[in-house]
Amino acid sequence: MTSSRTDRARALRRSSGSAEERVWSAVRGGRIDGYKFRRQHPVGSYFADFACDPLRLIIEIDGGVHRLDEVAARDLERQQALEALGWTVIRVTNDQVYEAPERLIEAVRLHVQRLHG
């Protein structure tokens, strides 16, 4: 029997947008220096779009709705809660994913450098 959190994560994965699919193809299976990410990974009471446990790194993809003041305020609150749990959060917009996906990979590598060096 699966838990409701597992069911929720599966539903979120099924409903992901094309920007999330692009990021997933870039980070899945250890494609960034061997570090494996999970999609819609539970962290505290939240589900991270992408999370790498060994790096304590979360990648959040923000669509247009995240520009709304009330959504941005919730995003900030959520990010602060995740950071309080010891995670680093990288936020990118859908536009950034499409226009310069290499910047996301660079940001992950920069995070690894800060951790190890």
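We did not get these values from a lab; they are worked out from the coordinates using the rules stated. Please read these numbers as outputs of a predicted model, since none were measured by experiment. Every residue, glycine among them, receives a Cβ derived from its backbone with ideal geometry; neighbour counts consider all protein chains shown.
So here's what we get for this one:
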read-out	value
Residue-wise HN-Hα coupling along the stretch 91-103, computed from phi with Karplus coefficients 6.51, -1.76, 1.60 (Hz; x: Gly, Pro)	10, 9, 8, 3, 4, 5, 4, 6, 7, 8, x, 5, 5
5 angstrom amide H check on Phe37, placed H, neighbours 5+ away	Gly29, Gly30
Amide H partners (placed H, <5 Å) of Ala48, local residues excluded	His41, Val43
Long-range amide H partners of Thr93 with built H, under 5 Å	Asp62
Global geometry of the stretch 67-117, whether rounded, prolate or oblate, following the gyration tensor of its Cα atoms and the 1.5 cut on a/c	oblate
Net dipole in debye of the stretch 4-116 [+1 Lys, Arg Cβ; -1 Asp, Glu Cβ; about Cα centre; nearest 20]	560 debye
Summed side-chain charge close to His116 - residues other than His116 whose Cβ falls under 15 Å, Lys, Arg +1, Asp, Glu -1	+2
DSSP beta bridge pairing in the chain, given as percent antiparallel to the nearest 5	60 percent
Cα-based radius of gyration of the stretch 4-116 once divided by 2.2 N^0.38 Å, which approximates compact folds	1.01
Over the chain: helical MRE at 222 nm, DSSP H runs n ≥ 4 each giving -39500 (n - 2.57), nearest 500	-15500 deg cm²/dmol
Table column - 3J(HN,Hα) (Hz), the stretch 35-51, Karplus curve with 6.51, -1.76, 1.60, x for Gly and Pro	7, 8, 10, 10, 8, 6, 8, x, 9, x, 9, 10, 10, 7, 3, 9, 9
